[in-house]
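*Asks:* Before I ask anything, here is the structure I am working with.
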Amino acid sequence: MATAERSRTGPEAGPLATSLDRRELHRVREAAGSAARLLGHEGGGRDPDARTVAALITELEAKLTAAERDADEGDRVAHAQDLARLRERFRRRREAIGRAEAGVAGLREMTSPPAILEAAPRELCRSSEFDRVLLSAVEDGRMVATAAHFEDDPEAAAAAVERLAERPIQLEHPLLEAEVLRRRRATAVTDTRLNPRVSPLLIAISGWDAYVVSPVVVQGSVIAVLHAGRLGEPLDVLHRDLLWRYAVGLGQAFESASLRRGLRREREYMRRFLDRLDARLGELSDGAVRFAPSGPPGAADPEARRPGPAHGENPFEGVLTRREVEILALLADGLTNRGIADRLVISEGTVKFHVANILRKLRVANRAEAASRYLTRTLERG
């Protein structure tokens, strides 16, 4: 049993098991199993890969060609028509899903999670046959409309969002959307005027005779609901599967953008924390130096020899520590690290540490830019 399970989920299962959703993979399994039985092959109990499916198709076509030689003309024509319809059906499906995935790709380029949700209805209309799409956030057990796109009627879309936001639809039995959220699957709805599980308000505003609905799931939680339809046009299984693919991609794009935003916030927080830590370390280092002997008895106080702003002033308050301002002032006078160390009676390594912090905090590339920034600031302060 464990071996069979690994064969279904392991890397040897091939790209089909990872690129198809559960419902589609089930269909492929059934079709491949039926083909194998017709051809007299023993089933292996494993998910078929693309090469196996292609081989089965080739073998079936060869067998059908041989069988057609013994069939009458009418059967051959009917069989050819069935094959043509089947090929057209899958061509249409492949192209429709490809367009929807291209629409999702556009959402993945956006960096703001709210902007992704705002643009989702518009991108779905552009990449599919749907002409009216509504997105509603799920808040406190209600659907609250947040964005909509109606082809050639933006005013109606804005009015629909406003009306549905003012009167949020409760997600409770027997509403169909409540079951959709519970099952986490897309569903097609027909005959909306007669369906007792459909919201009359939603139908009155959207004008749909039929629609498809899908949850948008992020990290196991439903954050939104997508409704889509075509005015005066029927819907089929393809439209349901198409919306589900788009909703899955939308959830992934939203989650990715949210993670990137969180990482940017953490990076900024860490940067501020390190700046505060550097400032505190600088203050502690200054305190240690002040208690150290500064020269033979009677020598002038080094503090009195330091150039720079008047005592108590800091032209870079909140950015540089007092010691860093002193070092920057000496740097602006053209002193080298060795000269600054001798002037302040500290080690050259400590000077290098402070200079590196000064360049980073002022966001300048070199000592010359730092000196220019210091001179400009002190001149501005009089």
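*Asks:* Among 132, 163, 93, 108, which is the only one that is within 24 Å of residue 178 (Cα to Cα), surrounded by 13 or more Cβ atoms within 10 Å (Cβ to Cβ) and out of contact with any strand residue (DSSP E or B) (no Cβ under 7 Å at 6 or more places or on another chain)? Steps first, please.
*Replies:* Working: 132 fails: out of contact with any strand residue (DSSP E or B) (no Cβ under 7 Å at 6 or more places or on another chain); 93 fails: within 24 Å of residue 178 (Cα to Cα); 108 fails: within 24 Å of residue 178 (Cα to Cα).
None of the others qualify; the one that does is 163.
*Asks:* So, one more: All but one of (1) over 13 Å from the mean Cα position of the chain (by Cα); (2) under 30 Å from residue 357 (Cβ atoms) hold for residue 239; which doesn't?
*Replies:* It is condition (2) that residue 239 fails.
*Asks:* Kindly indicate which of 206, 221, 214, 199 is hydroxyl-bearing (Ser, Thr, Tyr) and more than 18 Å from residue 133 (Cβ to Cβ).
*Replies:* Working: 206 fails: more than 18 Å from residue 133 (Cβ to Cβ); 214 fails: more than 18 Å from residue 133 (Cβ to Cβ); 199 fails: more than 18 Å from residue 133 (Cβ to Cβ).
Checking each option against the conditions leaves just 221.
*Asks:* Next question, about the same structure. Does any residue in segment 328-342 that is within 16 Å of residue 362 (Cα to Cα) come within less than 7 Å, Cβ to Cβ, of a residue that is of a type in the set (Gly, Ala, Ser) and at pLDDT below 90 six or more places away or on a different chain, and which pairs are these?
*Replies:* Between residues of segment 328-342 that are within 16 Å of residue 362 (Cα to Cα) and residues that are of a type in the set (Gly, Ala, Ser) and at pLDDT below 90, the close pairs are 328/370; 329/308; 331/370; 331/371; 332/371.
*Asks:* Would it be correct to say that residue 145 is under 22 Å from the mean Cα position of the chain (by Cα) and without any contact (Cβ under 8 Å) to a residue 40 or more places away in the chain?
*Replies:* Details: under 22 Å from the mean Cα position of the chain (by Cα): yes; without any contact (Cβ under 8 Å) to a residue 40 or more places away in the chain: yes.
Taking the combined requirement at face value, the residue satisfies it.
*Asks:* Being of a type outside the set (Val, Ile, Thr), at pLDDT 85 or above and over 30 Å from residue 360 (Cβ atoms) is the requirement here; does residue 263 meet it?
*Replies:* Numbers: of a type outside the set (Val, Ile, Thr): yes; at pLDDT 85 or above: yes; over 30 Å from residue 360 (Cβ atoms): no.
Spelling it out, it is not the case that residue 263 is of a type outside the set (Val, Ile, Thr), at pLDDT 85 or above and over 30 Å from residue 360 (Cβ atoms).
*Asks:* Check whether at least one residue in segment 236-245 is among the acidic types (Asp, Glu), closer than 22 Å to residue 89 by Cα, assigned by TED's automatic domain parsing to the domain that holds residue 160 and touching a residue at least 24 places away in the same chain (Cβ under 8 Å), and report yes or no.
*Replies:* First, the residues of segment 236-245 that are among the acidic types (Asp, Glu): 236, 241.
Now narrow it down to the ones that are closer than 22 Å to residue 89 by Cα: 236, 241.
If we keep only those that are assigned by TED's automatic domain parsing to the domain that holds residue 160 as well, we get 236, 241.
Then keep just the ones that are touching a residue at least 24 places away in the same chain (Cβ under 8 Å); that gives 236, 241.
Yes; the residues of segment 236-245 include at least one that is among the acidic types (Asp, Glu), closer than 22 Å to residue 89 by Cα, assigned by TED's automatic domain parsing to the domain that holds residue 160 and touching a residue at least 24 places away in the same chain (Cβ under 8 Å).
*Asks:* I've got another one for you. Looking for whichever is of a type in the set (A, V, I, L, M, F, W, C), in contact with a His (Cβ under 7 Å, 6 or more places away or on another chain) and either modelled with pLDDT of 90 or more or surrounded by 13 or more Cβ atoms within 10 Å (Cβ to Cβ) (or both) here; the options are 346, 327. Which one fits? If you could, list the steps in order and put the result at the bottom.
*Replies:* Details: 346 fails: in contact with a His (Cβ under 7 Å, 6 or more places away or on another chain).
When all the criteria are applied, what remains is 327.
*Asks:* For segment 202-213, enumerate the residues that are over 32 Å from the mean Cα position of the chain (by Cα) and not in a loop (DSSP other than H, G, I, E, B).
*Replies:* 204
*Asks:* A further question on this structure: If residue 203 satisfies all but one of (1) in contact (Cβ under 8 Å) with a residue 24 or more places away in the chain; (2) assigned by TED's automatic domain parsing to the domain that holds residue 162, what's the number of the condition it fails?
*Replies:* (1)
*Asks:* Let me ask something else. Would you check if residue 258 is of a type in the set (Ser, Thr, Tyr) and assigned to a strand (DSSP E or B)?
*Replies:* Values: of a type in the set (Ser, Thr, Tyr): yes; assigned to a strand (DSSP E or B): no.
No: the conditions fail for residue 258.
*Asks:* Scan 379, 335, 375, 359 and give me the residue that is in a helix (DSSP H, G or I), of a type outside the set (Val, Ile, Thr) and at pLDDT 90 or above.
*Replies:* Values: 379 fails: at pLDDT 90 or above; 335 fails: in a helix (DSSP H, G or I); 375 fails: at pLDDT 90 or above.
When all the criteria are applied, what remains is 359.
*Asks:* So which strands (runs of 3 or more DSSP E) are wholly in segment 107-201 and hold at least 1 residues that are closer than 15 Å to residue 223 by Cβ and among the aliphatic types (A, V, I, L, M)? Break it down stepwise before answering.
*Replies:* Working: elements: 132-139, 142-150, 187-189.
Qualifying strands (runs of 3 or more DSSP E): 132-139, 142-150.
The values are calculated or read from the model by the stated rules, or taken from the named source; none is laboratory data. Quantities reported herein were computed from a predicted structural model and do not represent experimental measurements. All Cβ positions, glycine included, derive from the backbone under ideal geometry; neighbour counts span all protein chains shown.
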